Amino acid sequence: MFEFDQYLGFLAFLTILTIGFWLFFVLLLFVIPYWVFGALKERIEELIQERKKKM
């Protein structure tokens, strides 16, 4: 049957797997879109300022 050390190893594996899943989930749904849309917003504002300087 299983020994206590194997049980602790399995719990550690599940904990790391769960933390990794939620980290990936948060990065994919919140951090990366925030980064991309923020960069796009900045670029659009720079283009608008460049057009205003030319006129």
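Here are the numbers for the structure shown:
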item	result
Whole-number Å³ per residue for the convex hull built on Cα positions in the chain	48
Derived scalar couplings ³J(HN,Hα) [the range 27-40; Karplus, 6.51 cos²θ - 1.76 cosθ + 1.60; whole Hz; x for Gly, Pro]	4, 5, 8, 10, 6, 5, x, 4, 5, 5, 5, x, 5, 5
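The numbers here are math on the coordinates, done by the rules we state, and not lab data. Treat the numbers as computed from the prediction; the structure is a model and nothing was measured.
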